[in-house]
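Participant: Structure incoming, see below.
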Amino acid sequence: MKKSKFLSAAAVAVAATIALAGCSAGSGAGDSGSDTAASCKASTGKVTLNFTSWVPNMDKVVALWNKENPDIQVKVSIVANGNSGTYKNFFNQLKAGNAPDIGQVEYDTLPAFRVQDGLANIASCSGVSDAKADFSDGLWNQVTFGEANSVYAIPQDSGPMALYYRKDLFDKAGLSVPTTWAEYAADAVKIKALGGNITNFAKGDVNQFAGLVSQAGGQWFSTDDGTWDVNLTSAESTKVADYWQDLISKKLVNTLPSFTDEWNNAYNTGQDWTWVSAVWGANTISSGAPKTSGKWAVAQMPQWTEGDKASAAWGGSSSVVFKGSKHPAEASKFLVWLNTSKEALTALNKEANLYPASSTGADLPALTSGVEFYGNQAIYKDFATAAENIQPFTWGPTMTQTYSDVSDGFGSAISGSGTLSDALSSGQTKTIAALKAQSIAVK
Amino acid sequence: MSVDAPLRPAETFDDKTTRAPKRGRGPRESVMSRSAAMLIMGVFTLYFLIPIFWLLVSSTKTLDNFNTSAALWFTPSSLQDGIANVGRLFTYDGGIFPRWMLNSIVYATVAGGLGTILSAMCGYALAKYRFWGREALFNIFLGGVLVPATALALPLFLIFSKVQLTDTFWAVFLPSIVSPFGVYLCRIYASSSVPDEIIEAARIDGSGEVRTFFTVAIRLMSPALVTVFLFQFVAIWNNFFLPLVMLRTQSLFPVTLGLYTWNSNVSQYPELRTLVLVGAFVSIIPLLIAFLSLQRFWRSGLGAGGLK
């Protein structure tokens, strides 16, 4: 009830934003792309930076920095997560000229801020180009958009995907872990015969689906000199959609909305056997399905071609410096510390359970030892392997809209009218319309 | 349950028909209509109370029990788990939750009280003084009743940005003291319950206009004021979108926004779920207190008005 109230409120806000944007068009929103790395001069004297994030306990991590850097003090605000209103607030604040210096932005929303020219280019700030070595190329590409001499964010956490599965049930049924999607589909039939579901396909998790498409080598968006190409219906994308449509049509998968009590319950009671999910899902299972402790294991994602090693990402955030910040040099210095130093990464992992994007974080003790809930498997090592195999993927500038349109179509497909491919083609049409409505060039 | 409900009462219906006529006290009304009314009220009482009961039960559970035990009944360890949950709620993150409660109470009582007085003055002036443009002004207020507060949040944000008041106490407080509906209600009530003769008499006795308002008119209007205050109090307590747009410093959040912040992180940090549930339960307690303690005035006021 609260949520629907919020959604209608948000709709009003969006309408108002569009109306306001109409009045102020031309005030710098369009002319992006031209600004190559501006000079990044250090300020003199004591500096206070505002930092808005939704990572719980971020204040404790920042306290470590503040203690050692009396001249660069960081003030943290912990707010609701991005899609729950904070992104809209960022856009409003950018328009009003009072955005915080630093903010948290997920990878899939970075392009939206980039096309609105909301991000400062910190490429020439000291330490930023050195930080490149800490991250995989795919991840670094997400924060540069492939533009020359540009860095718009520092990766914070990442969500490499793998296959969580109920080892005990697989063993009992005499099944081995599926290594290809063909085996996975064959196992689905056997598991159904035993009264279970191989997994749950939720209509709302379009970003998970995007991960599956990227694993198959597909791209939904590409950009060339500011002109966007939308391709939700590529061959790879359709292949993945048809695969899952087949499982849904044959009723081999559960279709509950994800992260709900009934969804937790399906895992807790052993009805659902696997979940293709990101590293942060480890926590979701262990708290949502406490009765299954010790019975889970993690394997690499099933592959389309036997012997491949492709993985994908679901979720993950970066830290950005917003346009208009008076202290980009100090802000970048803080962000490099926050996202690549051992001290900060250890604290982020301990206080907020973040899986660091930086390679420095991969050998933290907490990420190399066995996890009891997963039968003492050192699952984070498996996720580190997955992280190396993440396929590059480009996000579009209107992901919120794309997610919600595709999700509507997925909902229809699950209830039996239409298919997942239909959902993608209608998402394609609506995304192109949404880009045009924002005067973004589309091929 | 929804399937049983309409069937079961039909049986009780029958054996009441035989018993009820013997009571014969008070005005006669058909037993059928009385029990139908009782039935409908009963169903609605359940309909409204079950979610609150669920909230109460859920806030006495640990996260494990929440997922595994029956949704509408307590677990054997409910008492100590409930106490532990409340303890955790009040200490989590350096005791931010009591701060949010305090903020909500300050926003709702101070802004609600000030807003009520402003509404009363405004409504009284519109009802009792004749001046040019009075009807036009009143119509603008009526129009204001129709504009949802959420639609104004964003323009307000841009205005407050210009004067650098976003992310301050005033950003939520100032818009909260405005209530077009309160003005409307006060005007209607003032014109019907404050006789011109009394105001005339006060003037003849030498009382100034302000004094007349505060000593005479406001007392006659008090039932309407309680209603306006309650409406304002609840509206500010539940106001969520304005603080969401205006605030980013946690220590300024009202409790609704604070809980929403936690709730938006539940899928990645599931341990917050119990805190959200207990917090939601604790946050309705001040509303209950406000209603139960003020409804006496409210009812007697409405009754007195009805007799006149």
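Participant: Given the pairs A:342/A:381; A:95/A:430; A:41/A:323; A:251/A:309, which are separated by over 21 angstrom at their Cα positions? Each step should come with its number before you reach the end.
Facilitator: Numbers: A:342/A:381 17 Å; A:95/A:430 26 Å; A:41/A:323 15 Å; A:251/A:309 29 Å.
Distance filter (> 21 Å) returns A:95/A:430; A:251/A:309.
Participant: Considering the alpha-carbon set of the protein assembly as shown alone, what are its Rg and its Dmax in angstrom?
Facilitator: Rg and Dmax of the protein assembly as shown, Cα atoms, are 30.0, 100 Å.
Participant: For a footprinting-style exposure proxy, rank B:248, B:99, B:88 by other Cβ within 10 Å, fewest first. Write down the numbers at each step before the final one.
Facilitator: On the way: B:248 24, B:99 17, B:88 14.
Fewest-to-most Cβ neighbours within 10 Å comes out as B:88, B:99, B:248.
Participant: Once label points are set 7 Å from the Cα along Cα→Cβ at both residue B:64 and residue A:412, what is their separation, rounded to one decimal in nm?
Facilitator: 4.6 nm
Participant: Further, regarding this structure: Suppose the chain between residue A:46 and residue A:235 were pulled fully straight at 0.36 nm per residue; how much longer would it get relative to their current alpha carbon spacing? Intermediate values should be presented prior to the final figure.
Facilitator: On the way: separation 189, 0.36 × 189 = 68.04 nm, distance 5.51 nm.
Taking 0.36 nm per residue and subtracting the Cα distance, the gain is 62.5 nm.
Participant: At 7 Å along Cα-to-Cβ for each site, give me the label-to-label distance between residue B:203 and residue B:31 in nm.
Facilitator: Each label point is offset 7 Å from its Cα along the Cβ direction, giving 6.2 nm.
Participant: Considering only DSSP beta bridges with both partners in the protein assembly as shown, what is the antiparallel share in %, to the nearest 5?
Facilitator: Numbers: 27 of 41 bridges.
Expressed as a percentage, antiparallel bridges in the protein assembly as shown total about 65.
Participant: If you take the charge dipole of the protein assembly as shown about its Cα centre, with +1 on Lys and Arg Cβ and -1 on Asp and Glu Cβ, which of A:202, A:288, B:244 is farthest toward its positive end?
Facilitator: B:244
Participant: Given q = 0.11, 0.12 Å⁻¹, what are the Debye log10 I(q)/I(0) values for the stretch A:263-421, with equal point scatterers placed on the Cα positions and solvent ignored?
Facilitator: The calculated log intensity ratios at q = 0.11, 0.12 Å⁻¹ are -0.63, -0.74.
Participant: Give the Debye-formula value of log10 I(q)/I(0) at each listed q (0.08, 0.09, 0.13, 0.14 Å⁻¹), with one equal scatterer per alpha carbon of the stretch B:94-307, two decimals each.
Facilitator: Treating every Cα as an identical point scatterer, log10 I(q)/I(0) equals -0.35, -0.44, -0.83, -0.92.
Participant: Between residue A:126 and residue B:118, what FRET efficiency follows from the Cβ-Cβ distance if R0 is 60 Å, with the result rounded to 0.05? If you can, show how the numbers build up before the last one.
Facilitator: On the way: r = 55 Å, r/R0 = 0.91.
That pair, residue A:126 with residue B:118, gives E of 0.65.
Participant: Return the FRET efficiency for the residue pair residue B:169, residue B:215: r is the Cβ-Cβ distance, R0 is 25 Å, and the value is rounded to the nearest 0.05.
Facilitator: E between residue B:169 and residue B:215, to the nearest 0.05, is 0.20.
Participant: Another question, then. Which of B:281, A:184, A:423 sits farthest toward the positive end of the charge dipole of the protein assembly as shown, with +1 on the Cβ of Lys and Arg and -1 on the Cβ of Asp and Glu?
Facilitator: Result: B:281.
Participant: While we're here: Would you list which aspartates and glutamates come within 20 Å of residue A:172, measuring only between C-alpha atoms, while excluding same-chain residues fewer than 8 positions from it?
Facilitator: The qualifying aspartates and glutamates are A:183, A:187, A:272.
Participant: Give, as ranges by residue number, the residues of the stretch B:100-131 whose backbone N falls under 20 Å from the point 7 Å along Cα→Cβ of residue B:55.
Facilitator: Within reach of a label on residue B:55, which here means backbone N under 20 Å from a point 7 Å along Cα→Cβ, the stretch B:100-131 contributes B:100-109.
Participant: Report, in whole Å, the centroid distance computed from the Cα atoms of the stretch A:125-166 and the stretch A:84-110.
Facilitator: 19 Å
Participant: So what's the back-of-envelope 222 nm ellipticity for chain B, counting only DSSP H runs of four-plus at -39500 (n - 2.57) apiece and dividing by all residues, rounded to 500?
Facilitator: On the way: 15 runs with 222 residues, N = 308.
Helix contribution divided over all residues of chain B: -23500 deg cm²/dmol.
Participant: Next question, about the same structure. Using only the alpha-carbon atoms, how far is helix A:235-249 inclined from the longest principal axis of chain A? Give it as 0 to 90 degrees, nearest 10.
Facilitator: Roughly 50 degrees, rounded to the nearest 10.
Participant: Please give the charge dipole size of the stretch A:331-395, origin at the Cα centre, charges +1 on K and R Cβ atoms and -1 on D and E Cβ atoms. Round to the nearest 20 debye.
Facilitator: Values: 4 positive and 6 negative charges, 38 e Å.
So the dipole magnitude of the stretch A:331-395 works out to roughly 180 debye.
Participant: Now a separate question. Find how many whole Å separate the alpha carbon centroid of the stretch A:368-429 from the alpha carbon centroid of the stretch A:246-323.
Facilitator: Here the two parts' Cα centres lie 9 Å apart.
Participant: Out of A:104, A:219, A:377, any idea which swings most in a Gaussian network model of chain A, alpha carbons joined below 10 Å?
Facilitator: A:377
Participant: Among DSSP bridges having both ends in chain A, what percentage is antiparallel? Round to the nearest 5.
Facilitator: Working: 27 of 41 bridges.
The antiparallel fraction comes to roughly 65 percent.
Here, each number is a calculation from the coordinates, and none is a lab measurement. It should be emphasised that the depicted structure is a prediction, and the values quoted were computed from it without experimental measurement. Quick reminder, even Gly has a Cβ in these numbers, built from the backbone with ideal geometry, and neighbours come from all protein chains shown.
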